[in-house]
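To keep things clear, I will list the structure first and then write my remarks on it.
The values are calculated or read from the model by the stated rules, or taken from the named source; none is laboratory data. All values derive from a computational prediction rather than experimental measurement. Virtual Cβ from ideal backbone geometry, glycine too; neighbours counted across all protein chains shown.
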Amino acid sequence: MGLYINNGKHPKVYKNKKKISEPNQKVVRRDYLSEVIDEQHQANVSLLNAINEMKHQYRNQEVVQANNLDKISNQLNEISTSNQKHTEYEELIIHLLKTQEELQKQLSEKISKQEEFQTGVLTRLDQQEALTEKISRQLNHIRSILFERTNYLAEKIDEGYKITSSYVYNLMTGSDQPITFYLMNNKKGEKQK
């Protein structure tokens, strides 16, 4: 679905008259391992193409030799020419094999570096997990201490409140009855009203 612009109510919304500079990508992530693998793949494809071309030429030579026994001299010339080509192909194959070996060494080094990095990350994660467990245990310990202290203080405040209210009630009424008895009588009186 295309961008909808309501020209009647909001004619300037979503309109940009400035030229947008390109490219506007600031970060590029390169995967060197994939690049090395692609280069390796290209080298392998080139090597396979060269080998297939050599096989094709060998087959052509065999067909020519089988069908053209009368043209041995021409075939000898062709064979000498093809031998030169084979030498060139052999040199090319040797070069490609050396290139492939170098790429494999680079790939091996990069893989070992990646393994070292992953080992370091796993070690740090283990350490982080141990620290998290320790902090969790400490927080649980602090919670239990706070709960015990709060419960203890609440009981002490409640006891102090009962003692103080009974004392004030005794001072005001001159009665020795506890304040709870007075409060129960008050509630009964309110219900009867």
Return the residue satisfying two criteria in turn: it lies in the stretch 1-41 and is within 30 Å of residue 95 (Cα to Cα) and out of contact with any helix residue (DSSP H, G or I) (no Cβ under 7 Å at 6 or more places or on another chain), and of such residues it is modelled with the lowest pLDDT.
30
For the stretch 77-110, enumerate the residues that are closer than 26 Å to residue 30 by Cβ and in contact (Cβ under 8 Å) with a residue 40 or more places away in the chain.
96, 99, 100, 103, 104, 106, 107, 110
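Given the residues 90, 129, 101, which is the only one that is out of contact with any Phe, Trp or Tyr (no Cβ under 9 Å at 6 or more places or on another chain), modelled with pLDDT under 90 and under 30 Å from residue 54 (Cα atoms)?
Values: 129 fails: under 30 Å from residue 54 (Cα atoms); 101 fails: modelled with pLDDT under 90.
None of the other options fit; the residue is 90.
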